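Encoded as structure tokens, the structure appears first; notes follow it.
The values are calculated or read from the model by the stated rules, or taken from the named source; none is laboratory data. For clarity, every value in this text was computed on a predicted model and none was experimentally measured. With ideal geometry, Cβ positions are generated from the backbone for all residues, glycine too; neighbour counts draw on all protein chains shown. Note: areas computed on protein heavy atoms with side chains; ligands, DNA, RNA excluded. Shrake-Rupley method; radii C 1.70, N 1.55, O 1.52, S 1.80 Å.
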Amino acid sequence: MDDCIFCRIVRGELPSDKVLETDEVLAFKDIRPQAPVHVLLIPKKHIPSAHHVTEEDAALVGQLHLAAQRVAEQLGIAGTGYRLVTNIGTHGQQTVHHLHYHLIGGRQLQWPPG
Ligand code: AMP
Ligand code: ZN
């Protein structure tokens, strides 16, 4: 997608603070962190949201989860735990329409979310 900011990050047209990259997946620090660790995990393929994932994306979604584990280990929060969340659509308050998981941790998180 030409005007998608996360596709532009994938193409290197916008800068990002990368923490992990594979052929299919990219993880980089959120520009407005909500916790000491706040990383976004995205597929390089443009998928608008988790609601748009298809059967052919099943392995790719698995890769995102494995990447999340690796990032949590890498950043030292695997032992204390963290949250992996994806916002979908208007009520989900999704603002970037390219599938991404927020990996948030490094402090005690609260539940339920607002
Ligand atoms: P969401 O609101 O769930 O769609 O999440 C989008 C996230 O992308 C927000 O947490 C933003 O702070 C983050 N974000 C937007 N632009 C950038 C960027 N250029 N680099 C890193 N994170 C970004
Ligand atoms: Zn995109």
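For the reader, a short list of remarks on this structure follows.
- Top-ranked residue of the range 72-96 - restricted to ones that are more than 18 Å from residue 62 (Cα to Cα) and either polar (S, T, N, Q) or in contact (Cβ under 8 Å) with a residue 60 or more places away in the chain (or both), ranked as farthest from ligand 2 (Cβ to nearest atom): 80
- Residue that is surrounded by the fewest Cβ atoms within 10 Å (Cβ to Cβ), among those in the range 97-114 that are in a loop (DSSP other than H, G, I, E, B) and within 16 Å of ligand 2 (Cβ to nearest atom): 97
- Residues within the range 49-83 that are open to solvent by 20 Å² or more (accessible area, probe 1.4 Å) and either of a type in the set (Asp, Glu) or within 12 Å of ligand 1 (Cβ to nearest atom) (or both), tallied: 4
- A search for C-beta distances below 6 Å between a residue of the range 1-16 that is without any contact (Cβ under 8 Å) to a residue 40 or more places away in the chain and any residue that is within 11 Å of ligand 1 (Cβ to nearest atom) and among the small types (Gly, Ala, Ser), counting only pairs 6+ apart in sequence or on different chains, returns 9/16.
- With respect to (1) more than 16 Å from ligand 1 (Cβ to nearest atom); (2) open to solvent by 30 Å² or more (accessible area, probe 1.4 Å); (3) assigned to a loop (DSSP other than H, G, I, E, B), the lone exception for residue 91 is condition (1).
- Taken as a whole, the condition of being touching a residue at least 24 places away in the same chain (Cβ under 8 Å), under 21 Å from residue 91 (Cα atoms) and of a type in the set (Val, Ile, Thr) does not apply to residue 19.
- Residues of the range 22-48 that are touching a residue at least 40 places away in the same chain (Cβ under 8 Å), within 10 Å of ligand 1 (Cβ to nearest atom) and surrounded by fewer than 16 Cβ atoms within 10 Å (Cβ to Cβ): 34 alone.
- The range 71-86, residues that are under 23 Å from residue 22 (Cα atoms) and not aliphatic (A, V, I, L, M): 73, 74, 76, 82, 83, 86
- Of all residues in the range 1-21, those satisfying the criterion of being touching a helix residue (DSSP H, G or I) at 6+ places or on another chain (Cβ under 7 Å) and open to solvent by 20 Å² or more (accessible area, probe 1.4 Å) are 1, 14, 16, 19.
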